[in-house]
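This report refers to the structure that appears directly beneath it.
Please treat every number below as a calculation from the coordinates, not as lab data. Note that the coordinates shown come from a computational prediction; the quantities given were computed from them, not determined experimentally. Here the Cβ is made from the backbone with ideal geometry for all residues, glycine too, and neighbour counts use every protein chain on show.
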Amino acid sequence: MSWLVWLIAAIFFAYEFFVRISPTIMIPNLMHYFNVDAAVLGSLSAFYYYAYAVMQIPAGALVDRYGIRKLLIPSALLVALSIGAFSFTQDLWVAEIARILMGFGSAFAFIGCLKLAANWFPKQQFPILVGLTNTVGVIGALTAEAPLAISVAHYGWRHTMLATGAVGLIITFFIFLIVRDYPKYCKPHMQPIKRNLWKGLLHIIRFPQTWIVAIIGGLMVAPVSGFTELWSIPFLMKAHHMTRPEAAGLASLMFLGIAVGGPIHGVISRLLGRRKPELFISACLALICLSLVIYGAIDSLLLLGALLFGFGFFTSSMLLCFALNTESQPSWASGVTLAFTNMLVMLGGTISQPLIGFVLDLQTKNHGVSELSSLSCHDFRLALSILPASFVIAIIMIPFVKESYCNNASKKHP
């Protein structure tokens, strides 16, 4: 039953991941239909991240206070209905509001799934469950690459998104039917005390290490959000003369790497008994893979695919940031701890996507062109240079993580 409860919540997270990255497949369709440039499209995609990031702290506090099931049901329903509104709209401002509502509803998916993992599984399995949760989520991203590109090409983006909304209604029904906050054998004294909504937040923000670890996670996610989830397909089409479905299929290798890497990093760090060395080495290797993809003159598709897979695999080590912060805080504040970490992590996406779009628009103006397809590889590489820089900053910060703090933090209730 514990696996089933977790799996239903993880499927909602996969669905949320699918919705999050769907604009990358529809870039030309959306730009043409709404008559917008790359910066505006980047902002349209990022509206999801803005709402998602803003809602993380309230979502974590609400989950700690009121439980998971009561919040997952309406949040899944909100995402499904918002997708339906997005599929019908003819106005950009309605599409932006729909993306915001998708972000609001999706804010509970990852936190709720991890909170259920903490409630239903032994504590020592939590890092592995974080990785498995991310793996299921990335399956949603894999589904949103080549298959979604084919669906959009054959049926159009509106019908594709409408069908996506219908799937969300089915997921909402299964959450209602199966998900419960605790096992039946959980005794009353084992359940957390319902504290003031903001007491957990005030407790965790006093620790500088919580901030450092979360910011490192955000810096490592920025390349995933900026490249993997939005701008990789236009870049691959330009740099390697691919069709959109071909580029989407190759880009999906990054998500496959993330899916495979998440649980493996959890297992390795558990065997080592430490998170920091795994995080540092993986960040360095992810930087190398991404830099070769962006700047390297790669003729072999096999090598390119291996580098994209490696980038996703090593970047998935950022999931250890959730374990680092959760281990440092008492269980009664685990929801808001996960939410605070996830909020700063997702800020990487809110910044990187529109920033890359802004730089691309500057390039089109400099060259006197109106279409992204008219830009050169050099122009794309210049815009994407933001992403390796993000990794460099994260690598510089990792040595400042004090892992002994995570092992020795007080677990007492204040």
> Using a ≥ b ≥ c from the Cα gyration tensor of region 1-152 (square roots of the eigenvalues), is it rounded, prolate or oblate, where a/c under 1.5 gives rounded and otherwise the larger of a/b and b/c decides, a/b for prolate?
Replying inline: prolate
> What ranking, highest mean first, results for peptides 353-363, 99-109, 48-58 when packing means the other Cβ atoms within 10 Å averaged over each residue?
Replying inline: 99-109, 48-58, 353-363
> For I83, what is the net charge nearby, where nearby means another residue's Cβ is under 15 Å from its Cβ and Lys, Arg count +1, Asp, Glu -1?
Replying inline: +1
> For region 202-256, rounded, prolate or oblate, judged on the Cα gyration tensor with a ≥ b ≥ c (square roots of eigenvalues), a/c < 1.5 rounded, else prolate if a/b > b/c?
Replying inline: prolate
> If we count other beta carbons within 10 Å of each Cβ, what is the order of D181, D91, D64, fewest first?
Replying inline: D91, D181, D64
> Does region 53-96 classify as rounded, prolate or oblate by the C-alpha gyration tensor (a ≥ b ≥ c root eigenvalues; a/c under 1.5 gives rounded; else a/b over b/c gives prolate, otherwise oblate)?
Replying inline: oblate
> Going 7 Å from the Cα of S376 in the Cα-to-Cβ direction, what parts of region 239-271 have a backbone nitrogen less than 20 Å from that spot?
Replying inline: 239-242
>> Using helices alone, I'd like the mean residue ellipticity at 222 nm for the chain: each DSSP H run of four-plus residues gives -39500 (n - 2.57), total over residue count, nearest 500.
In response: -26000 deg cm²/dmol
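Looking at the chain, what % of the alpha carbon pairs are farther apart than 37 Å?
On the way: 15903 of 85491 pairs.
Here the long-distance tail beyond 37 Å is 19 percent of all Cα pairs in the chain.
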> Of K123/K184; K70/K184; K115/K184; K70/K123; K115/K402; K70/K115, which ones are farther than 21 Å apart at the Cα?
Replying inline: K70/K123; K115/K402
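For the chain, what are the DSSP H helices with axial Cα length of 30 Å or more and mean Kyte-Doolittle hydropathy of at least 0.0?
Details: long enough: 38-66 (41 Å, 0.82); 92-120 (42 Å, 1.29); 157-178 (32 Å, 1.64); 244-272 (42 Å, 1.04); 334-367 (51 Å, 0.69).
Span-like helices here: 38-66, 92-120, 157-178, 244-272, 334-367.
In which sequence would R20, R270 go, from the one with the fewest C-beta neighbours within 10 Å to the one with the most?
R270, R20
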> Which aspartates and glutamates have a Cα less than 13 Å from the Cα of K199, not counting those fewer than 8 places away in the same chain?
Replying inline: D64
